[in-house]
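Heads up: the structure comes next, in C-alpha cells.
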Amino acid sequence: MPLVRATRRVHFSAAHRLFRSDWTDERNAEVFGDCANPSWHGHNYELEVTVEGPVDTETGFVMDLKRLKEALEAQVLSDVDHRNLNSEVEWLAGVNPTAENLAVAIWGRIVHAVPEGVRLAKVVVHETPRNSAEYSGPEENVGP
C-alpha cells in the first residue's frame, strides 16, 4: 500500500512579543526587530498539519481529517485564537513564541490525536505569507 500525506490547514489570530527578559530593550530590538515591541503585535497565522500513512481500503483516507480538525480545535485553536501567546497560553509559558517554537509546541499538543499506523509528518506555522517554520518531529513518531 502506498504511503500518502494528507494536510489540514487552519487559521488563528494572536498577539505576541519576541523578547528575552534577561536582555535590554535595545538588545531585544536589535535581535527581534519590530517583534520585540513592548506593546505587543499580532499575526494572522496559518497552521498546516500533515499526516502520513497508508490509504485505508474501506474509507480511502489516510486519516479522517475531520478528526484532525477536531483535535486542532480542542488542543490548539481554543487556546491560541485571539489570545496573547506570551501571557494567555499555559502550554507556552516561558517559551519565546517564535514560529519555530510554536511548531514544536503544537506538535506536542496533537501528536496523540494521530491514529495507530499513521505518522504525524509535519507541522508548519506560517507567521506571515513570507515567513514560516516547519517541524517534522522524530522519525520514529507513529500514532499509538
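Before moving on, here are some points about what is shown:
- Sum of -39500 (n - 2.57) over DSSP H runs of 4+, divided by residues of the chain (222 nm, nearest 500): -5500 deg cm²/dmol
- Of the labelled figures (i) 34; (ii) 48; (iii) 42, only one reflects percent of Cα pairs over 22 Å apart as derived from the coordinates, namely (iii).
- Counted charge near Thr59, where neighbours are those whose Cβ lies closer than 15 Å (Asp, Glu -1; Lys, Arg +1): -2
- Amide N proximity, region 1-33 versus Ser78 label position 7 Å along Cα-to-Cβ, cut-off under 19 Å: 10-14
- A DSSP coil position with no more than 11 other Cβ atoms inside 10 Å describes the following GluC sites (Glu not before Pro) in region 15-120: Glu58, Glu116.
- Subtracting the Cα-Cα distance of Ala29 and His11 from their residue separation scaled by 0.36 nm leaves 3.7 nm.
- Extension gain, Lys66 to Ser136: 0.36 nm times the residue separation minus the Cα-Cα distance gives 23.1 nm.
- Among the trypsin sites (Lys or Arg not before Pro) in region 5-67, those located in a DSSP loop and surrounded by at most 16 other Cβ atoms within 10 Å of their own Cβ are Arg20.
- Inter-part distance where region 1-69 and region 75-144 are each reduced to a Cα centre, Å: 6 Å
Bear in mind that the values in this text are calculations on the coordinates, not laboratory data. Values in this document were obtained by computation on a predicted structure and should not be read as measured data. All Cβ positions, even for glycine, are placed from backbone atoms using ideal geometry, and neighbour counts span all protein chains on display.
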